[in-house]
Every structure is written in structure tokens, then in C-alpha cells.
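Peer 1: Next up is a structure, given as C-alpha cells.
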Amino acid sequence: MNNKKKDTEEVRLMKGNEAIAHAAIRCGCDGYFGYPITPQSEIMETLMELEPWNTTGMVVLQAESETASINMVYGGAGCGKKSMTSSSSPGVSLMQEGISYLAGAELPAVIVNVMRGGPGLGTIQPSQADYFQTVKGGGHGDYKMITLAPASVQEMADHTVMAFDLAFKYLTPVMILADGVIGQMMEKVVLPPFQPRLTEEEIKIKCPWATLGKPANRKPNYIYSLQLEAEEMEDLNLRLQSRYRTIEKNEVLFEEFDCEDAEYLIVAFGTSARVCQKAVEMARAQGIKAGLLRPITLFPFPTEQISHYANQTKGMLTVEMSAGQMVEDVRLAVNGRVPVEFYGRMGGIVPSPDDVFEALKKLIVK
Amino acid sequence: MKEEIIIAGFGGQGVLSMGKILAYSGLMQGQEVSWIPSYGPEQRGGTANVTVILSDERISSPVLSTYDTAIVLNQPSLEKFESKVKPGGTLIFDGNGFKKFPTRTDINIYRIDATEYAMANNESKTMNMIILGGLLKVRPIVQVANVLKGLKKSLPDRHHHLIPMNEKAIQIGMALIKKVE
């Protein structure tokens, strides 16, 4: 949802998946490890086609499975390298153990999930039903993952760069939670500028914890998530929780459309938000004061902003390509002050703007 | 200006690439564009479709339920999309193999027998460009010069010698399309 007028010289037309691959190379990613699955296979295909090992030296490797991919990411991240993987829903389920380990070991990594319909092997069509898995912790233990929800091809590129920055800032895995529409759609994009990969010397300064070989003048670095002493394990948990509170304070991102005077607020992310924006246009054309709030970060969630709109609106509608997951966080933010209704489609069906407009009218009648 | 287009037909008719050429043409004239294919199992032998939006303003939903223009290249696509053309909108069909024809009276209907022409003249590779030419005759949403620029941008260098052939196909399509009264 990028409205900046871009210089036509540098504007390119590409799929969301391709934009991620280009952005990864350009932001100095050191390694990509993945296993193909629709609807995100173009990420690895594009990387293989661009052959960045000949230019920036970035490693691109097709692993034997998703489980192997995420553990290769763990290894790369342990060396302070910018490491990433990508998959789609069933593949990301296989990665959950590795993600929990990354969080427990306080390692920076970027994981892309281009969601498809589930449960099970499901369908290859777009879905948003992995919201709970991503923001409530699909793996075990008390961890959180910063989660970015792109809604355009431009954001697929921009969020790749941002995800690495956040991962290294907070030493945590970061998820880019997209869906099949954003992955497969072509739109205009301006790619980020090239940043060189860090040298080993630069990594040693930036990541003193990295396991890059022990010099004589310091103690060994260990990277693990096992603490047999409960007190030490609680210390790690307290440290993580305090970091998550800082993230909640500093990193919330959202976008608003026609919210200033809105009597009815739609809350939606990713592709659903694009569809809802059109529904808001339809409502405004009929004199209905509707607005849209689009969370860009799903963790941290824009709780405060949604709570603020509970004071000015008569009702809210959450729209998702799922049975209703984010709606729970919207209801927590609103805390019963106004009705929060839900409209969703499942299993790979994308709601149409007409469907959303009808759901909005039902909310208003109530 | 905003044009919401669906192009639908059998896999292999060049539906997705026709959409891509339109999108690139829009890019060349500095418009906002979106291109979203049906990437499901239907593209493997069944029907394929692509939604293309060209707009002077920012594009909200790339997924639509009604269209300004529908281009349908087979019977199932006509049945699926005829009802989804906005009143006053445009429906273009290639009549090859059709048993049932469009019936609406509140839209502009055009027929272009591109498949028949392409087979008779050994032009099957440019069939989709003939149809694109027909579209541009009745809905001049992009200039032909920008289509050619778009082709240059989207095709690898080794295929640039094919551009004049594609330009000719556009001209043929412009002559071939007929309004159905």
C-alpha cells in the first residue's frame, strides 16, 4: 500500500516472492536455506536464478527438509550471519521446534511464511490461518516473535530489510507473515539500495556473542537453549520478557485509512486489509463513515490504537482469511466497550470487497 | 482512470502473459498496476485467469468481484464471468468452440475470432497479442507505443526480434474485432 510517486527509472514490476529474494540479496543477507512449497517457491527460484554467491557471496541452499532449513538458519545465526528461510504453512509447522530454539538461544533470524489454507497439507490457495501459530507461539515455551504483515509487493521488499534490522536489534527470530496473494501478485516495487555483507571482522565487533572462533584473549562463546538450573532458566525468561516489553513499547506499526471521523472501524492485515480498503471506499461512497486500521506488526500488536478507536466508534469488524484469530486480540484491546464482529473465509478463499461491505452493513444494523 | 480487467481461458492460451504485457504497458505510462493470477490447480490444464488493474490512483483491493472489462476465451470462462461485468462495461470473447453466446444487453459485447485467424494464418504464437489488439481498439487504455516498450522491458534481449511480429498482431486484432449488436 505504497502511495509514494516513484521515479519511473527505478520502478520494477515483480511478484511479492521475487521482491523478497531481491531485497535479501540487497540488504546483505549471508545465507538462505529453504525447501520448496507453493505458494512461495519463487523466493528460492529467484535466488537461484540471481546466483548471489557470484556477486555478494550469499549462500543459497536447498535443504533436504524444512526441519533441516531452520536448523541451518540456527547455525548461520549462531555465527552472527544474516540468515533466513522461507516456507508456507505446512512447512512452517515443521520449523516450530527450531523457532523456539532460536528464541531460547537469543539468535537473530528471518523466517518468511507465505500462508496457504490448512489445516493439514491443506490447499495451495491463500490463507491467514497461521496468526495464532505465529503470534501466540507455535513452538514451546514463553517466547514471542516480532511479526511483520506485508500488504503489498513493496512491503515484501521493505519488510525483508526491516526484519533483519529488528532481528539483530533484539536478538530474536522475526517472522514475515504474508499470504499467497501477496506472494503471487505482481505490483510496482522500488528495491532497497545495496548494502555490502558484513565482513567477519565487522561481525565480531557487532555480535561479540557469535561463535566465529575463539581468540586467546576471551572466554569461549556458547550458544544453547538448555539451562538445567531452574533459576538460570527463569533469568533467561525474565530477560526475554523484558525484551518483549521493550519491543511492545518501541516497534508497533500500523496504517490508518479514513479513521479520523470513523463511526465503524474495520481491522484487517495483509491481503484482507487490501480488500477491506475497497469496502471502505464503497461504504464512504454511500455516506457510511467507515475506516480501516491495518496492523503492520502483529506482534507487537497495535492494542493502544485500537483501544483508542473504541472511544469514538459504534462498532468494529475484523476481517481475516481464517475462522477468526486476530479478532481475539482486537476484542482484548476493545475490552467490551463496543461490539467487535468478525467476517472471514477459510481454506484458501479470499473474501471479495462486496462480501466485506455486506458484513459491515450487518454490523451497522445491529 | 481506472480499469479493472479479468482475462480468462484455457491454460496455454497465453492468458497470464497477456495480462503481464498489459501490466507492463501500464507501468510504462506511469500508472499503478496489479496483476494477480489464479495460481491454483486450475492452471494445470483447466481454466486459467488473471486480474489486471491499471489505475492513476493507488489500488486498494487486487482481488475483485466485478470488472470493467472481461476477456473470455472459452465457454466455461464466459459462463463464469459474463455476470460479473459491471453494467455499461465491456465483454470480449473469442467465439472459437462456443455453443452458447453472451446474452446481456446492458454491456458492450465484442467478438474477436483470433483463434480461427491464428490457425488459418499460422500465427498461433501471437494469438494473445491479436486479442490484446482487439481490446485496445475498443478500450484504448494503454497506447500501443507503451505496449511495445513494455514488451521490450519484459522480454529477454534474445526475444526482442519478435517485437515487430507482435506489433503486427496488435494491428490485426484491431481490424478483426467486431461489435455484437
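Peer 1: Acidic (Asp, Glu), part of a helix (DSSP H, G or I), touching a residue at least 12 places away in the same chain (Cβ under 8 Å) and closer than 30 Å to B:Lys152 by Cβ: which single residue out of A:Glu18, A:Glu10 fits that description?
Peer 2: A:Glu18
Peer 1: Okay, next question. Output yes when any residue across segment A:39-51 is assigned by TED's automatic domain parsing to the domain that holds A:Ala23, touching a Lys or Arg at 6+ places or on another chain (Cβ under 7 Å) and either of a type in the set (Ser, Thr, Tyr) or modelled with pLDDT of 95 or more (or both), and no when none is.
Peer 2: Yes - at least one qualifying residue is present in segment A:39-51.
Peer 1: I would also like to ask the following. Using the structure shown, decide if A:Glu263 is among the acidic types (Asp, Glu), more than 21 Å from A:Lys136 (Cα to Cα) and more than 14 Å from every other protein chain (Cβ to nearest Cβ).
Peer 2: When the stated conditions are applied, A:Glu263 passes them.
Peer 1: Suppose we filter A:Ile176, A:Ile205 for residues that are within 27 Å of A:Val319 (Cβ to Cβ) and outside any loop (DSSP other than H, G, I, E, B); which single one remains?
Peer 2: A:Ile176
Peer 1: Out of (1) β-branched (Val, Ile, Thr); (2) within 11 Å of chain A (Cβ to nearest Cβ); (3) without any contact (Cβ under 8 Å) to a residue 40 or more places away in the chain, what's the single condition that is false for B:Val85?
Peer 2: Evaluating B:Val85 over (1) β-branched (Val, Ile, Thr); (2) within 11 Å of chain A (Cβ to nearest Cβ); (3) without any contact (Cβ under 8 Å) to a residue 40 or more places away in the chain leaves (2) as the failure.
Peer 1: Taking segment A:346-366 as the region of interest, how many residues are in a loop (DSSP other than H, G, I, E, B) and more than 11 Å from chain B (Cβ to nearest Cβ)?
Peer 2: Residues meeting the conditions: 3.
Peer 1: Check A:Leu363 against each of (1) at pLDDT below 95; (2) surrounded by fewer than 18 Cβ atoms within 10 Å (Cβ to Cβ) and name the one condition it does not meet.
Peer 2: Status for A:Leu363: all satisfied but (2).
Peer 1: Can you find even one residue in segment A:76-95 that is more than 14 Å from chain B (Cβ to nearest Cβ), over 19 Å from the mean Cα position of the chain (by Cα) and of a type in the set (Lys, Arg)?
Peer 2: Checked against the condition, which is being more than 14 Å from chain B (Cβ to nearest Cβ), over 19 Å from the mean Cα position of the chain (by Cα) and of a type in the set (Lys, Arg), segment A:76-95 yields at least one hit.
Peer 1: Also, quick follow-up: Pick out the one residue from A:Glu304, A:Glu320 that is in contact with a Lys or Arg (Cβ under 9 Å, 6 or more places away or on another chain), among the charged types (D, E, K, R) and touching a residue at least 40 places away in the same chain (Cβ under 8 Å).
Peer 2: A:Glu320
Peer 1: Check off (1) surrounded by fewer than 20 Cβ atoms within 10 Å (Cβ to Cβ); (2) under 17 Å from the mean Cα position of the chain (by Cα) for B:Thr126 and give me the number that stays unchecked.
Peer 2: (1)
Residue by residue, here is whether (1) in contact with a Leu (Cβ under 8 Å, 6 or more places away or on another chain); (2) more than 12 Å from A:Asn17 (Cβ to Cβ) holds:
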site: A:Met175; (1), (2): yes, yes
site: A:Ala178; (1), (2): no, no
site: A:Gln184; (1), (2): no, no
site: A:Val189; (1), (2): yes, no
site: A:Phe194; (1), (2): no, yes
site: A:Leu198; (1), (2): no, yes
site: A:Glu202; (1), (2): no, yes
site: A:Cys207; (1), (2): no, yes
site: A:Leu212; (1), (2): no, yes
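Peer 1: I would also like to ask the following. Considering each of A:Ala68, A:Ala23 in turn, give the residue that is assigned by TED's automatic domain parsing to the domain that holds A:Ala178, in a helix (DSSP H, G or I), touching a helix residue (DSSP H, G or I) at 6+ places or on another chain (Cβ under 7 Å) and surrounded by fewer than 24 Cβ atoms within 10 Å (Cβ to Cβ).
Peer 2: One residue alone meets the criteria, A:Ala23.
Peer 1: Can I ask one more? Say whether the condition of being crowded, with 21+ Cβ neighbours inside 10 Å, in contact (Cβ under 8 Å) with a residue 24 or more places away in the chain, aromatic (Phe, Trp, Tyr) and over 24 Å from A:Asn221 (Cα atoms) is met by at least one residue in segment A:129-146.
Peer 2: Scanning segment A:129-146 turns up at least one residue that is crowded, with 21+ Cβ neighbours inside 10 Å, in contact (Cβ under 8 Å) with a residue 24 or more places away in the chain, aromatic (Phe, Trp, Tyr) and over 24 Å from A:Asn221 (Cα atoms).
Peer 1: Within segment B:111-137, how many residues turn out to be out of contact with any helix residue (DSSP H, G or I) (no Cβ under 9 Å at 6 or more places or on another chain) and part of a helix (DSSP H, G or I)?
Peer 2: Here the count works out to 2.
Peer 1: Please determine whether any residue of segment A:163-173 is at pLDDT below 95, over 26 Å from B:Pro37 (Cβ atoms) and in the same structural domain as A:Tyr32 (by TED's automatic domain parsing).
Peer 2: no
Peer 1: I'm trying to understand the selection: among the residues of segment A:179-202, which are away from chain B (no Cβ under 14 Å) and in a helix (DSSP H, G or I)?
Peer 2: Passing the criteria: A:Glu200, A:Glu201, A:Glu202.
Peer 1: If you take the residues of segment A:108-128 that are more than 13 Å from the chain's Cα centre (by Cα), more than 14 Å from chain B (Cβ to nearest Cβ) and in contact (Cβ under 8 Å) with a residue 12 or more places away in the chain, which of them is nearest to A:Ile223 (Cα to Cα)?
Peer 2: My answer is A:Pro108.
Peer 1: A follow-up question, please. Only one of these conditions is not met by B:Gly26: (1) within 14 Å of chain A (Cβ to nearest Cβ); (2) in contact with an Asp or Glu (Cβ under 7 Å, 6 or more places away or on another chain); (3) buried (at least 18 other Cβ atoms within 10 Å of the Cβ); (4) modelled with pLDDT of 95 or more. Which number is it?
Peer 2: B:Gly26 satisfies all of (1) within 14 Å of chain A (Cβ to nearest Cβ); (2) in contact with an Asp or Glu (Cβ under 7 Å, 6 or more places away or on another chain); (3) buried (at least 18 other Cβ atoms within 10 Å of the Cβ); (4) modelled with pLDDT of 95 or more except (2).
Peer 1: Got at least one residue in segment A:333-343 being assigned to a helix (DSSP H, G or I) and at pLDDT 95 or above?
Peer 2: yes
The values are calculated or read from the model by the stated rules, or taken from the named source; none is laboratory data. Everything numeric in this text was worked out from a predicted model, so none of it was measured. Note that we place each Cβ from the backbone using ideal geometry, even for glycine, and neighbour counts take in every protein chain shown.
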